[in-house]
1. Filter the range 50-64 down to the residues that are open to solvent by less than 10 Å² (accessible area, probe 1.4 Å) and among the small types (Gly, Ala, Ser), then identify the one that is nearest to Leu37 (Cα to Cα).
2. Wholly within the range 109-191, which helices (runs of 4 or more DSSP H) include no fewer than the required count, namely at least 2 residues that are at pLDDT 80 or above, charged (D, E, K, R) and open to solvent by 40 Å² or more (accessible area, probe 1.4 Å)?
3. Where residues in the range 1-49 are loosely packed, with under 12 Cβ neighbours inside 10 Å, modelled with pLDDT of 50 or more and closer than 30 Å to Leu82 by Cβ, which of them is farthest from the chain's Cα centre (by Cα)?
Amino acid sequence: MGREGSPAQLPTAKRRKESSPPTTTSPVPSLTDDVLLQIFLRFPSLATLVRAALACRTWRRAVASSPAFRRRFRELHPAPLLGLFFEPPSAVQDPVLPAFPSFVPARRRDRDLAAAVRGGDFFLTSIQEHPDKAHSWEILDCRGGYVLLCNGDLLSEEAMAVVNPLERRSELFFDHHRKGIFEAYRGYLAVRNACLLCSDEDPASFRVVRLAHDESRVRAAVFSSDTRKWKLYPWIDVPGRPRLSKSWLLNSNMQSNGFLYWVYKNHKYMITLNTATMDFSVEELPPFLQNRRCSFDAGETSSGMRCIVYATDFTVGVMLRRTDSDGLEKWMLDRATPLDTQLDGVLRKQKGNYDELLVVAVRDGFAYLATSKKVYDSQNPSWFLSLCLETMRLENLFQRTYDSGAHPYVMAWPPCLVGNYGRFGLEDGT
């Protein structure tokens, strides 16, 4: 769902040096880089841009050498949803009975988006025949065009894999930091799901963050794709944990603009990790988020602001980080919108089969929702929908049984269209 804006305000792109001979002739030699990028801004989606930019080295160079163009294109064309990955319905236990994530594409009219899905490896075949690993994999996170998976029990020497389905290859296999993260704990130890951290400006790099907690402390371990090593951070004491509960944090991969979140099992507090400083903090959840019937997730608005989106019955609310009258930054309600009327139009008679919405995920200004009944009915599949947080308009995606975790796969800016990258590297140094 695009946002309004004039592409005429694009800053000047970097130009090629006169001394560098072009390696491929442009299909339209008379076009300057600036004019070319103005045309590219009018493309309907990122998929169309990628298809055009890779037509020749000159056009790729024009796109890759202009960070200003990338920023402006993202402002005008939000990253498109290609579909959702679903976790296996049961825990990965027996290699003889493999469990594997599934992918359901979103219904899109854009031909280039449909072609991107058809051309990608969304069955994740690149990891299914790994010679040293079982055929059972479960998905942990999905960000920046990458999918993070693990093979085996979280407490074992399992392999982890980061895969880019659109690149049709496995990016990296690695083991988790078992020897370090499981040392020097007090009493009981629990390891939470891993989270992916990606960068818009360096899409070829990523980090993986794992959180462990014992009876009263937390610690983080971070894997870098650049160094291919784990870095272990010290144990940190945290307040407010339930005294009678050993495993006191919920599994989570909530993330918002460089901040990771884990909620206490008593739904009273939330731990935040600032991944820029690697500092932990704890704050009390807003009262209505403490309701166990309230479904919520963290993410970003279209402008990059941190937000929490929650759903109660058929009402969806948005919370933002703001400063109160005492000068303290906290989560504050921005708006709450009843969606009954829109659901009547989208689902028609089928709306009567459901009595609430669940927040599946929040990404880049969109919330992904699923219809549900408060009393679970395995025979009643859910409708998955997207909600634009800017306009609060619903769009129907598809219908599927919602019996396991779901992860939106949003098309990310490809590494080959940023600076020097692989065989497409800019030969003139720009």
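The values are calculated or read from the model by the stated rules, or taken from the named source; none is laboratory data. The shown structure was predicted, so the numbers you read here are calculated from the model rather than taken from an experiment. Please note: Cβ atoms are built from the backbone with ideal geometry, for glycine as well, and neighbour counts cover all protein chains shown. Ligands, DNA and RNA are stripped out before the accessible areas are found, and what is left, the full protein with its side chains, is counted by its heavy atoms. Shrake-Rupley method; radii C 1.70, N 1.55, O 1.52, S 1.80 Å.
1. Ala62
2. Details: elements: 111-119, 125-128, 178-181.
Per the criteria, 111-119.
3. Only one residue fits best here, namely Pro27.
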